[in-house]
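No value in this document is a laboratory result; all are computed from the given coordinates. The structure displayed is predicted, hence computed values, not measured ones. As a convention, Cβ positions derive from the backbone with ideal geometry for all residues, glycine included, and neighbour counts pool all protein chains shown.
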Amino acid sequence: MAVNESMALELVKARLNRLPTDTSLDTYLQARISAAVQELTRVGINLQGSNDDLLLVVDYTVDQYNNRDKPGSMPEWLRLRRRERWLRGDET
């Protein structure tokens with residue numbers, strides 16, 4: 001079971017302090033979520049339908065959104081979390 005991207009959208013909006021009824025950025029945020037899923041898959045993370053994977057996608061998306069115009073890398077906690085998920089493999 002893959003990550004529920006509609007649930008991810010709701011959580012991303014919550015993390016960005018946007019009202020659930022505000023749909024002005026939904027298309028953009030959905031594209032960001034899809035890109036995050038693709039990037040995590042490309043680096044070898046086989047996302048499952050777990051809450052851990054859902055929140056990884058949400059945190060990854062929010063970090064990319066918040067830092068889209070800034071040079072540099074992702075925060076250490078997120079980098080380590082991504083690495084730990086990669087090391088865990090397909091286990092959920």
Which condition does Asn17 not pass, out of (1) part of a helix (DSSP H, G or I); (2) of a type outside the set (Lys, Arg); (3) within 22 Å of Trp77 (Cβ to Cβ), if it passes all the others? (1)
Give just the number: which of (1) surrounded by 13 or more Cβ atoms within 10 Å (Cβ to Cβ); (2) within 19 Å of Glu5 (Cβ to Cβ) does Ala31 not satisfy? (1)
State which residue is farthest from Gln30 (Cα to Cα) when the search covers only segment 46-92 and only residues that are among the hydrophobic types (A, V, I, L, M, F, W, C) and within 12 Å of the chain's Cα centre (by Cα). Leu78
Can you work out which of the residues in segment 31-62 that are out of contact with any helix residue (DSSP H, G or I) (no Cβ under 8 Å at 6 or more places or on another chain) and either among the hydrophobic types (A, V, I, L, M, F, W, C) or part of a helix (DSSP H, G or I) (or both) is farthest from Trp77 (Cα to Cα)? Ala31
